[in-house]
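Input: a single structure, listed below in structure tokens.
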Amino acid sequence: MLSIHNLRAKVEGKEILKGINLEVKAGEVHAIMGPNGSGKSTLAGVLAGRDFFEVTEGEVMFEGKNLLDLSPEDRAREGIFLGFQYPVEIPGVSMVNFMKTAINEIRKYRGKDPLSASDFLKYMRLKAEVVEIDTKLTSRSVNEGFSGGEKKKNEIFQMAMLEPRLAILDETDSGLDIDALRVVAGGVNKLRSKDTATIVITHYQRLLDYIVPDYVHVLYDGRIVRTSGKELALELEEKGYDWIKQEMMQ
Amino acid sequence: MEPNTALLGPDNDYLRLFDANRGKLTQSIPSFLVDLRKEAVESFRMLGIPGKKNENYRYIDLQTSFNNTFRKELQPKNITFNVEDIFRCDIPELDADVILVLNGIYYDTHRPMRELEGGILAGSLAEAFRLFPGIVEKHFGKYADHRKDGLVALNTALATDGFFLYVPDGIQMKKPIQVINLLMSDEPTFSQQRNLLVIGKGASVSLVVCDHTLSPEKFLSNNLTEVFAARDSRFEITRLQNEHNASTQVLSQFYMQEANSLVNNNTITLHGGMVRNNLYVQLNGEGAENNAYGLFITDQGQHVDNYTFVDHAVAHCNSNQLFKGVLDDYSSGAFNGRILVRKDSQKTVAYQKNNNLLLTSDARINTKPQLEIYADDVKCSHGAAVGQLDKQAMFYLQSRGIGRDEARLLLMNAFANEIIAKIQVEPIRERIAELVGKRLRGELSRCHNCTMHCC
């Protein structure tokens, strides 16, 4: 589904990603872990098309298409979803209008007719139930005045609405209490299927108790330095990242 | 030349116009008004059309607009068409009493004064001069001072008609009144509308005003409205300015507010070549509140200029101003707002804000919020912001599959909605939201049923 080959990227002239290689197949869950500043969020941003980052080398293929050639909106229309670490508040844009515009833009791209207002609202209610988000939130402006936990739930809700092929969740667990974490993880698990894939970017192992990954990768200094099964996350939890840093030094 | 019209030449001879028509301009009006007109002529002789050296008009070039050849109608022309045939406001849910004003002159000559529910009087100002000189004399020219502004002087000297509204004490009007100002002529036309609104004690009324140009000729209007809001009254006015690029509109509104009166003044400038809105508010009784909200959208070479002056003349009054502009292409705008809190006006609460969205690097806005506070126990703030669309928000929307153009529209509409949400007459709020949406989308923003291409 996703194939990243030797990806290098800069931010303001500084190289952050120094040759990433990653293969993600349908049905898989990959966790990307690593210390602060290792390039995790940069990788998520590059995949979603944030223009802040400059890709200098490498290739990203998604379902046979060169992802780096596509605009951010076309990547979303092709089925990529980025769950933001810091979801943006947009006062004055209602969640209903936001989601209706998004879904109909995606449908247009795929050659489908727009959803009628009533069908859309039915669909929205249904998805709100699936991810257990309070409909009070979905009737407000996008993220405006939401708590940290509510914003993250709203990311998962949007993911449920848009039904992506590949979801990239960037530190979705940060700032969540254990109950919110359970709800968010529950939403992700409900949306897992053999046709979709998930990349979970996280600093802590905690989230992986709820979203069990098939692979765990450690990103350090712009490279994936270790890949293993879910047991790697536990090892990292126990020992911290220092042993990886030391290994790298040697 | 028809007897009731005069041509204004590039020599800008508005004074000669008065002299040539002195008889007509001073006949069948109360004697106090004859004197007032003469004084106003003298004021205009001194002041003239304000130029850019006038601090209050420094961002707008009105002299060039006034220096064109226009026809001035002093009395209604014989109208050879039926306005209702070409213009019928089609807001379906809006149940309002509708009044038409054509080129500044009250249109319904068969019924120049209407008595609505509760003894409300709505009609032609010229007719009010005749029927209710007592009410007129008490308020006319009392709030708009012709000695301070040449445009006020010009209107006071030459305006012959406009809209008159009188709401008796204690009357709560349920239906809004809709005033539709139409400009339509087959030659360049100068019009001056004069409106007088008197809202009685404890009375409540809502007014919707729409300004439209129905023919493509050059129009110049110098309109003036005086509003007296007696104690405990409530008044909401929503104005939609929708004129074409060859129009210049000056609108000066003067409010005198007594104790505990509440005025909400919403001005949506959807389209117009050059627009100047002057808003003067005097809060003259404790507990009075004035909320002024403005939204202007400009593109091409348009210019929209808002000037406000709020005078907290007594203690315990509230005022709140929020003006927002969306400027595209090489258009320009200005906000010049002044709040005056006098020495004894303690416990004043006054806010003023002007936020602008510049969509191109050629669009320009001059903003100048000013607070002058002479009391020491007040809560006041003012501020201005000029910016572009939020890049973070743009990316967030795009990352959900929304294309750049749609994302921009969502954000521009959100910016505008803060003002639209203040409008309390729901069908009007919905229509304005729709028109603003279309305007921002670059589609024609005239109402569906209006067959003329005014934009």
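Bear in mind that the values in this text are calculations on the coordinates, not laboratory data. Note that this is a predicted model, so its numbers are computed, not measured. So basically every Cβ, Gly included, is an ideal-geometry build from the backbone, and we count neighbours across all protein chains shown.
Please report the net charge: other residues with Cβ closer than 10 Å to the Cβ of B:V179, K and R +1, D and E -1.
It works out to a net charge of -1.
What does the average come to when, for each residue of peptide B:401-414, you count the partner chain Cβ atoms lying within 10 Å of its Cβ?
Averaged over the peptide's residues, the number is 6.
Return the tail of the calculated pair distribution for the stretch A:1-95, meaning the percent of Cα-Cα pairs more than 19 Å apart.
When all Cα pairs of the stretch A:1-95 are counted, 44 percent exceed 19 Å.
Quick one: if the Förster radius is 25 Å, what FRET efficiency do A:K14 and B:V386 give, using the C-beta to C-beta distance and rounding to 0.05?
According to the calculation, E is roughly 0.20.
Please list, by residue number, everything in the stretch B:246-274 whose backbone N is under 20 Å from a paramagnetic label point 7 Å out along Cα→Cβ of B:K438.
B:246-247, B:267-273
Per residue of B:152-165, what is the mean number of Cβ atoms on other protein chains within 10 angstrom of that residue's Cβ?
Counting Cβ atoms of other protein chains within 10 Å of each residue's Cβ and averaging gives 0.
Evaluate 2.2 N^0.38 Å with N set to the residue count of the stretch B:321-455, then give the Cα radius of gyration divided by it.
Cα-based Rg divided by the globular estimate yields 1.29.
When the helix-only estimate is applied to chain B (DSSP H runs of n ≥ 4, each -39,500 (n - 2.57), divided by the residue count), what is the mean residue ellipticity at 222 nm, nearest 500 deg cm²/dmol?
Mean residue ellipticity, 222 nm, calculated: -6500 deg cm²/dmol.
What does the charge dipole of the stretch A:80-163 about its Cα centre add up to, to the nearest 20 debye, if the Cβ of each Lys and Arg holds +1 and the Cβ of each Asp and Glu holds -1?
Approximately 200 debye in magnitude.
Placing +1 at every Lys and Arg Cβ and -1 at every Asp and Glu Cβ, with all other atoms neutral, what dipole size does the protein assembly as shown have around its Cα centre, in debye to the nearest 20?
Result for the protein assembly as shown is approximately 500 debye, rounded to the nearest 20.
Dividing the convex hull volume of the Cα atoms of the stretch B:200-341 by its residue count, what figure in Å³ per residue is obtained?
Each residue corresponds to 82 Å³ of Cα convex hull volume.
If I take every Cα pair under 8 Å that is 6 or more residues apart in chain B, average their sequence separation and divide by the length, what percent do I get for the relative contact order?
Reported as a whole number, the value is 11 percent.
Net charge within 11 Å of B:G141 by Cβ-Cβ distance, Lys/Arg positive one each and Asp/Glu negative one each, not counting B:G141 itself?
Surrounding charge for B:G141 is 0.
Within 12 Å, Cβ to Cβ, of B:A393, how many net charges do the neighbouring residues add up to if Lys/Arg are +1 and Asp/Glu are -1?
Net charge in that neighbourhood comes out at 0.
Restricting things to alpha carbons, find the Rg to Rh ratio for the stretch B:5-441 using the Kirkwood radius for Rh.
Rounded to two decimals, Rg/Rh equals 0.95.
Per residue, what volume in Å³ does the convex hull of the Cα atoms of the protein assembly as shown enclose?
It comes to 186 Å³ per residue, whole-number rounded.
Could you give the nm distance between label points at B:K52 and B:K347, where each point is 7 Å from its Cα heading toward the beta carbon?
4.7
Return the distance in nm (one decimal) between the two label points of a simple spin-label model at A:E129 and B:F32, each offset 7 Å from Cα along Cα→Cβ.
About 7.0 nm separates the two model spin labels.
Cα-Cα pairs above 25 Å in chain A: how many percent?
43
Apply 1/(1 + (r/R0)^6) to the Cβ-Cβ distance of B:A375 and B:H139, taking R0 = 25 Å, and write down the FRET efficiency to the nearest 0.05.
So, using R0 = 25 Å, E works out to roughly 0.30.
When only alpha-carbon atoms are used, what values of Rg and Dmax, in angstrom, describe the stretch A:80-163?
So, for the stretch A:80-163, Rg and Dmax equal 12.3, 37 Å respectively.
Okay, helix-only estimate at 222 nm for chain A: each DSSP H run of n ≥ 4 adds -39500 (n - 2.57), divide by all residues, round to 500 deg cm²/dmol; what do you get?
-11500 deg cm²/dmol
Which of the listed residues, B:A313, A:G64, A:A48, is farthest toward the dipole's positive end in the protein assembly as shown, when Lys, Arg count +1 and Asp, Glu count -1 at the beta-carbon?
Toward the positive end, the furthest listed residue is B:A313.
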